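Taken together, the values in this text are just the output of simple stated rules run on the coordinates, not laboratory data. All figures in this text were calculated on a predicted structure; none of them were measured in a lab. Every residue, glycine among them, receives a Cβ derived from its backbone with ideal geometry; neighbour counts consider all protein chains shown.
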């Protein structure tokens, strides 16, 4: 027994040690990561972020230098009262803020750098830089901020913001305090624009002094500058669209049908992109983001799903022809609406009756399209099958699903099919009469303005479209191949001509007669969509949305456009006017119908938007008068100049 | 039988190989812990790694010297060697040199010598000599007191020189005494006192007393036959309470503040966050740094000369007492468990050989060697990993320093010599 005591103790101690070592070195130790090694200082060298040019080579976004004061809390030595006062004065913060910021940084990590005071001005930086050595644990990190050369296109260009911890966890490339694209092309082309940071590893000693490069700089890298990009936006057209959209809510999307390039992408209301740069960004962003009434950060051109209204009738006409359930000469009677037995399923406005396809489109006759639509759905004994075929055709125009493009936001829209109604009503417990609203673009059908613009492009191209996209070229690189491949619709090319004639006649003799542009053959379609909101849980109707979809010229179209103006009442009233102005601006480069332009710039819908929030009863549509504002003391050119596009 | 056939080399080759592994690996880690920039000259004696190389060279001379003496020499001269060592320790009070507050060094020119490192083997020799005397009986109180005095004298002298760490090493001889016949009751009492001291500090005297009472009551009712009188139990309880209270008083007033803080850190007694924060920069700093260095090594380590914390000299005293943190960072779990394994093997080998000795002197000495190495190994590595409170003693054959290296080498090789001689004994 006596012989065993020391032997047993030695073995026990050995086992305890190995267990403890296993715990320290294997169980509790993550694999070695130089970025977490506090003995190695990491010095980042930020590359130039790529510039952004518009399709005509105009510089839209450049960079400006910015200086962040960073802190590594563990290395901060306590400041005496005098030093503290000086430091706070230099940084323009109070002592309470100093303590608060330091604690916040320490809570994140005592070892890793956190931004202490971000984005100093140049003068503050110059003063601070000389005294920085006195304050241990703090250093200045140079970065570059965006410098917008324009005040337009906030929704297109997007902005940069500090990375949050969720992003850092997912993408370790980013460190706290780094900037990343948050919206727009800054987000969708982040990888291209950002470049790659350079890094230097420096061995420290325990007094936190640098004692030389880590492993002779073997792992150090140089920064790779970000690539410049050219976007498809025509900044002049974009600026003009934003000007037209003033005092209105809605979206305009203009495309080049022959390439799918987005020429303009307007949302209203918008804001100046310079608001989201630098120290003021967070404050301004939350102000914009929390404005749930105007929703300036909500891109109505991409994200707003509206019932498309009458422009959708064109699709029904095309499907009817493709399915051979209607001939162009077939005429349908309209008795101020469509009657099923004695029940009126939809109303209609006053026009000649009966109408054939051309006139049905030009006059936007509801009864005509309900007839066509019912024939499509009822082509087979099973309404579900008819509905599925209808849905497939409609979806081939890029509706009802994501466009799969290079924009940071988007919506699917909705094109219902047979299953959809089976779920709504029960299997086969519905028929074409239940769902006639789809015939005229109301009911369950929904689309975003960009989808409608793309639809117009597909019609203008007589049966195909390119995915709408915003990238035109990348410095030293090619744009994704998917934007070069045409998508064909399920409608035969020959069926398009009569329908396009109908859209042409919308201008010649139909609902947009007053909007003709001399010298340009425009094909379009007006739309008016009823809409409702809940006010104190009562479903209340608001003034109709004004919709217009068009392409021009009629042959080999150069522009396809969708305009959506919330509560603008009827199609040609706001949207139609704006669409024709945009088309003229793009094709001719100048406006010949200044009276029309003046009308748009001096009429506001702001009173209209206040109604649901007024707590008072209000009238809609024809019973209201339009608000006129006097902002035309300045001519359009100067107003455009002010936009600094 | 085999050994007799190998007349050419009669020394225990297992010990020698383990020794070579330790000093060799130790040197590599000292090189790593002490180099600055690129190493151009390994023999640069202005650098610690250069000096250590010189020490190592002299160590081999020393080994040959020790092995060339007659084995009987050590037994015969044990008392004299002990006396010389004691004189050397006393001499420090007059001729000694203060380093870091401890008066433990003689300065000879640019060299320093630490006699306490040599006092260990001298004491081991003296203890072996006394116990192996035919008239000594470790069961008697008289001999127990005398042999305690042999270790108490150098321990006290070292304590007075302000080197508390080296004093604790002398507790190692308890294992020797126990092996040679010290009554079991001492072991039980010793262990009980350690448990009482720790519990008393951690949970307070009241709770500890309550715990002891519960244990005593349970024992009383379990022992149906030989219960003894209740008075005995009350006496044990009383002594326990008085002892743990005494420990508490000693902890609060009897030791230096930095020692107090080390214990408080170990038992996690300090709850005040502000004070803890301050401790992190003083008493706990070394420990935090060394634990970080060790765990940053991971399974296979960062590689020889590649440790970032070692290169940045993050762990103070990383070439001496904290050398194990360098092993941990650069060689990882593989390296650290290798070192632990070698020490365990070495100690077990010594114990095995000690038990096989024919002369009691050799056996007791071997036990002394094993015990001293064991205490150093346990305290040093335990401290570097935060398992026991900080006590500044070196890791044998690893830590930088000539006195230490030579002290341990002499300690070990006297035993190797004694062992080689056992076939000649009757």
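Side notes on the structure shown:
- Rounded tilt (10° steps) of A:95-108 against the dominant C-alpha axis of chain A: 90
- The value of relative contact order for chain A, using C-alpha pairs under 8 Å at least six residues apart, is 13 percent.
- Beta bridges per DSSP, both residues in the protein assembly as shown: antiparallel share near 95 percent.
- D (Stokes-Einstein, µm²/s), Kirkwood Cα radius, chain A, 1.567 mPa s at 4 °C: 46
- DSSP beta bridges confined to region A:40-231 are antiparallel in about 95 percent of cases.
- The angle between the Cα long axis of helix A:235-244 and the main principal axis of chain A comes to about 70°, on a 0 to 90 degree scale.
- Projected-area average for region B:228-278 over all orientations - Cα convex hull basis, square nanometres: 4.7
- Helix A:449-460 and the longest principal axis of the C-alpha atoms of chain A enclose an angle of approximately 50°.
- Ascending count of other beta-carbon atoms within 10 Å, so fewest first, for B:229, A:437: B:229, A:437
- Each of A:123, A:540, A:592 was scored by other Cβ atoms within 10 Å of its Cβ. Listed from fewest to most, they are A:123, A:592, A:540.
- When B:383, A:70, A:578 are arranged by Cβ crowding within 10 Å, least crowded first, meaning fewest neighbours, the order is A:70, B:383, A:578.
- Mean-position separation - Cα centroids, region A:222-245 and region B:97-119, in angstrom: 77
- Burial ranking of peptide ranges A:105-114, B:395-404 (average Cβ count within 10 Å, highest at the top): B:395-404, A:105-114
- Computed [θ] at 222 nm, helices only, for the protein assembly as shown once each DSSP H run of length n ≥ 4 contributes -39500 (n - 2.57): -14500 deg cm²/dmol
- Relative to the globular-protein estimate of 2.2 N^0.38 Å, the Cα radius of gyration of region A:40-231 stands at 1.12.
- Shielding value for B:381-392 is 2, the average number of Cβ atoms from other chains within 10 Å of each residue's Cβ.
- Test item: A:2-15 mean partner chain Cβ contacts at 10 Å: 6
- In percent, rounded to a whole number, the relative contact order of region A:40-231 is 35, using alpha-carbon pairs under 8 Å and six or more apart.
- Over all pairs of different C-alpha atoms in chain B, the reciprocal of the mean inverse distance, the Kirkwood hydrodynamic radius, equals 23.5 Å.
- Legend: mean number of C-beta atoms from other chains within 10 angstrom of residue C-beta atoms, peptide B:311-318, equals 5.
- Most tightly packed first, judged by the mean number of other beta-carbon atoms within 10 Å of their residues, the peptides B:135-141, B:152-158 read B:152-158, B:135-141.
- Relative pair counts by distance (%), Cα atoms of region A:377-519, 5 Å bins: 2, 8, 14, 17, 17, 15, 13, 8, 4, 2, 1, 0
- Scaled to the globular estimate 2.2 N^0.38 Å, the Cα spread of region B:189-254, given as radius of gyration, is 1.18.
- Centre separation in Å (Cα based) which lies between region A:133-186 and region A:1-65: 24
- Debye equation applied to the C-alpha atoms of region A:260-389, log10 I(q)/I(0) at 0.15, 0.18 Å⁻¹: -0.79, -0.96
- Relative contact order for region A:487-645, counting Cα pairs under 8 Å that sit 6 or more residues apart, in percent: 16
- Most tightly packed first, judged by the mean number of other beta-carbon atoms within 10 Å of their residues, the peptides B:68-75, B:187-194, B:339-346, A:442-449 read A:442-449, B:339-346, B:68-75, B:187-194.
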